[in-house]
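Below is one structure; the comments refer to it alone.
The values are calculated or read from the model by the stated rules, or taken from the named source; none is laboratory data. Fair warning: this is a prediction, and the values are worked out from it, not measured in the lab. Positions of Cβ are generated from backbone atoms using ideal geometry, with glycine treated the same way; all protein chains shown enter the neighbour counts. For the accessible areas, the whole protein counts, side chains as well, though only heavy atoms, and no ligand, DNA or RNA atoms are used. Shrake-Rupley method; radii C 1.70, N 1.55, O 1.52, S 1.80 Å.
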Amino acid sequence: MIDLEHDLPIQKQAEVIEISRSTVYSEPRPISKSDLWLMRRMGIEAIYRRPNTSKPAPGHRIYPYLLRGLTITRPIRSGLWTSRTSPRRAASSIWPRS
């Protein structure tokens with residue numbers, strides 16, 4: 001893929017094959033068996049596509065897609081595309097006023 005001895009700079013080679021230049025230099029680090037065991041015990045796992053994820057689970061309710069057929073031409077103020085958050089309100093709900 002990337003030839004470090006080539007006359008074309010590494011940056012240009014990475015651009016041509018559309019990868020980040022940092023991935024050229026990074027080496028995958030091995031994970032120890034004790035770390036893998038600990039991760040499995042804690043329930044930590046890699047997120048990746050698994051087989052049959054598009055099939056609904058038995059007994060799972062399927063909700064309708066409510067925006068089908070709706071033409072959205074501008075942002076709707078009711079909060080379809082936005083959510084309002086106020087740091088002041090959030091802070092006042094966490095810490096009592098003095």
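Accessible area per residue was computed with a 1.4 Å probe on protein heavy atoms; D7 scores about 150 Å². Counting only heavy atoms of the protein chains and using a 1.4 Å probe, R21 has close to 120 Å² of accessible surface. Could you calculate the contour length gain from T73 to D7, that is, 0.36 nm times the residue separation minus the distance between their Cα atoms, to one decimal place in nm? Length gained between T73 and D7: 18.7 nm. Whole-Hz Karplus values for segment 21-29 come out as 5, 5, 5, 5, 8, 7, 10, x, 8 Hz, taken residue by residue from phi with 6.51 cos²θ - 1.76 cosθ + 1.60 and θ = phi - 60°; glycine and proline positions read x. Using a/c under 1.5 as the rounded threshold, could you call segment 1-42 rounded, prolate or oblate? The axes a ≥ b ≥ c are square roots of the C-alpha gyration tensor eigenvalues, and prolate needs a/b larger than b/c, oblate otherwise. Cα axes put segment 1-42 in the prolate bin.
3J(HN,Hα) along segment 51-62, derived from phi through the Karplus expression 6.51 cos²θ - 1.76 cosθ + 1.60 where θ = phi - 60°, amounts to x, 6, 6, 8, 8, x, 6, x, x, 7, 6, 9 Hz, with x in place of Gly and Pro. In this simple spin-label model, placing a label point 7 Å from the Cα along the Cα-to-Cβ direction at both K33 and V16 gives a separation of 4.4 nm.
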